[in-house]
Ligand code: ADQ
């Protein structure tokens, strides 16, 4: 066992919740990153004596733990080679595609696996150093799946939770992974293993039974030493009231009007907002829309598609290829179908502050969210939270985790272009009463299940875990 620290709650995630900013005079500052996880966990971090362990970005830089805006942050250093092998390689070119239905072909490289193990061990060691005796440690996401068991080996006194933000695949796909058993055993170091959907938890339990051979009963796994591990569904959400307040503000209202005006005050605005990722189904969505313009269903003077796609993981080959494909499609569609001052698709590679996101959500009549596979998808929940007057239609892929909660959306199969076209037309021509009925129901769901409920729900269960007594020695 290593010496313990003083944090009652430790968050372990690939990234620290801050981004490094270098001012014009060269001084280094940290700025809170815009991600939802930070806002979800900040209140609980403050209630407990919390610490957050993560990679600060950058390479080969030893940084001391520091306090930023009252949060204790513990940086973990990665070398340039580790960024390439652990982060871009094993995390984003092996696990990400494998866990997303093999939408792209996962690459299995032995040296990437070695880096993954090494980096996970480093995170586990940092967590072991800062956690107080009996503390709760909440480990996040696919980059950190070995941390729970590595940490338990170092600190058996801790309560360890794990949450996976992406889908957990069925055995038929997971079994491709050469290190499948090690990953399952890594996760089993946790007391609670959380997923967005019950299906993910079931896939996990089934794999543990068949691959590792442990006893399971429903959502409970019993390890040979008697320790129970629970697998459960904890669907993540957003700070719904915060988004709604933002959407109601005069600034955002004015900005939403300005956006529509800049688009030529069309009758109808369709919107897509995604990280530029091949799982998000941007290509088939734009193709479906382009076909509707080409066949005269929509006219570019009356209907506009705004697609915001923030570039990400640009050093991974598959992402560069996909970006080129989408750029080409948009170029062709606008060249063929646009008119002067009226592109068929307004395509933007920008990252926006939350105010601008809220204004875009307010400006849109139809939000189109069509991932091939998505753990949850927060964009559609943000859209719903911003539609406080119960208008606005949502076209949503049935393969997004959010489809389980937002069943009143126009649900589509992104592989079925004709089906998507039909749903977009239905949403565009629906009776306003029908749109209101659907939006009201979705708003109820999103406001009742917000991110605070998600975080406190998970942590309350983790807190209630009974520590294992050391085995009684018989004389
Ligand atoms: P992501 O794949 O990143 O998250 P998503 O859930 O949609 O996907 O979250 C994206 C977030 O980024 C949203 O909060 C959105 O507002 C923001 N965003 C998107 N484009 C932006 C832009 N141009 N500018 C600024 N902000 C932008 C992973 C999983 C998801 C799961 C989440 C949380 O893949 O399935 O929902 O984690 O668990």
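Which of (1) in contact (Cβ under 8 Å) with a residue 60 or more places away in the chain; (2) buried (at least 17 other Cβ atoms within 10 Å of the Cβ) does residue 306 not meet, given it meets every other one?
Of the numbered conditions (1) in contact (Cβ under 8 Å) with a residue 60 or more places away in the chain; (2) buried (at least 17 other Cβ atoms within 10 Å of the Cβ), the odd one out for residue 306 is (1).
Could you check residue 403 against (1) within 8 Å of the ligand (Cβ to nearest atom); (2) in a helix (DSSP H, G or I); (3) surrounded by fewer than 24 Cβ atoms within 10 Å (Cβ to Cβ) and say which number it fails?
(1)
When you scan segment 1-70 for strands (runs of 3 or more DSSP E) that lie fully inside it, which ones turn up with 3 or more residues that are out of contact with any helix residue (DSSP H, G or I) (no Cβ under 6 Å at 6 or more places or on another chain) and over 24 Å from residue 160 (Cα atoms)?
In segment 1-70, the matching strands (runs of 3 or more DSSP E) lie at 18-22, 28-32.
Test residue 135 against the criterion of being out of contact with any strand residue (DSSP E or B) (no Cβ under 8 Å at 6 or more places or on another chain) and touching a residue at least 40 places away in the same chain (Cβ under 8 Å), and give yes or no.
Spelling it out, it is not the case that residue 135 is out of contact with any strand residue (DSSP E or B) (no Cβ under 8 Å at 6 or more places or on another chain) and touching a residue at least 40 places away in the same chain (Cβ under 8 Å).
Given (1) in contact with a strand residue (DSSP E or B) (Cβ under 8 Å, 6 or more places away or on another chain); (2) surrounded by 16 or more Cβ atoms within 10 Å (Cβ to Cβ); (3) farther than 19 Å from residue 444 by Cα, identify the lone condition not met by residue 311.
The single condition residue 311 does not satisfy is (2).
Out of 369, 379, I need the residue that is closer than 28 Å to residue 439 by Cβ, touching a helix residue (DSSP H, G or I) at 6+ places or on another chain (Cβ under 6 Å), touching a residue at least 40 places away in the same chain (Cβ under 8 Å) and within 12 Å of the ligand (Cβ to nearest atom). Which one?
The match here is 369.
Just need a number here: residues in segment 342-361 that are within 14 Å of the ligand (Cβ to nearest atom) and at pLDDT 95 or above.
Result for segment 342-361: 10.
Among what's in segment 205-222 and is surrounded by 13 or more Cβ atoms within 10 Å (Cβ to Cβ) and out of contact with any helix residue (DSSP H, G or I) (no Cβ under 9 Å at 6 or more places or on another chain), pick the residue that is nearest to residue 165 (Cα to Cα).
Selected residue: 205.
I want to confirm something. Restricting to segment 406-417 and keeping residues that are closer than 15 Å to residue 438 by Cβ and touching a strand residue (DSSP E or B) at 6+ places or on another chain (Cβ under 7 Å), which single residue is surrounded by the fewest Cβ atoms within 10 Å (Cβ to Cβ)? Steps first, answer last, please.
Here is the first cut: in segment 406-417, the ones closer than 15 Å to residue 438 by Cβ are 406-412.
Those still in the list that are touching a strand residue (DSSP E or B) at 6+ places or on another chain (Cβ under 7 Å) too: 406, 409-412.
Working: 406: 24, 409: 27, 410: 20, 411: 17, 412: 28.
The residue in question is 411.
Only residues that are out of contact with any strand residue (DSSP E or B) (no Cβ under 7 Å at 6 or more places or on another chain) and outside any helix (DSSP H, G or I): list them for segment 76-85, please.
Correct list: 77, 79.
Tally time: how many residues in segment 1-19 are at pLDDT below 85 and either within 16 Å of the ligand (Cβ to nearest atom) or touching a strand residue (DSSP E or B) at 6+ places or on another chain (Cβ under 9 Å) (or both)?
1
Within the group 442, 376, which residue is more than 23 Å from residue 305 (Cβ to Cβ) and at pLDDT 95 or above?
Only one candidate passes the filter, namely 376.
Name the residues in segment 303-341 that are under 23 Å from residue 253 (Cβ atoms) and more than 16 Å from the ligand (Cβ to nearest atom), would you?
Within segment 303-341, 303, 304 qualify.
Taking residue 272 as the residue in question, decide whether it is surrounded by fewer than 19 Cβ atoms within 10 Å (Cβ to Cβ) and not in a helix (DSSP H, G or I).
It is false that residue 272 is surrounded by fewer than 19 Cβ atoms within 10 Å (Cβ to Cβ) and not in a helix (DSSP H, G or I).
So is residue 116 free of Cβ contacts under 8 Å to residues at least 60 places away in the same chain, in contact with a helix residue (DSSP H, G or I) (Cβ under 6 Å, 6 or more places away or on another chain) and away from the ligand (no atom under 16 Å from the Cβ) or not?
Taking the combined requirement at face value, the residue satisfies it.
Working carefully through the options 164, 188, 154, find the one that is within 16 Å of the ligand (Cβ to nearest atom) and modelled with pLDDT of 95 or more.
164
The values are calculated or read from the model by the stated rules, or taken from the named source; none is laboratory data. None of the values given here were measured: they were computed from a predicted structure. Every residue, glycine among them, receives a Cβ derived from its backbone with ideal geometry; neighbour counts consider all protein chains shown.
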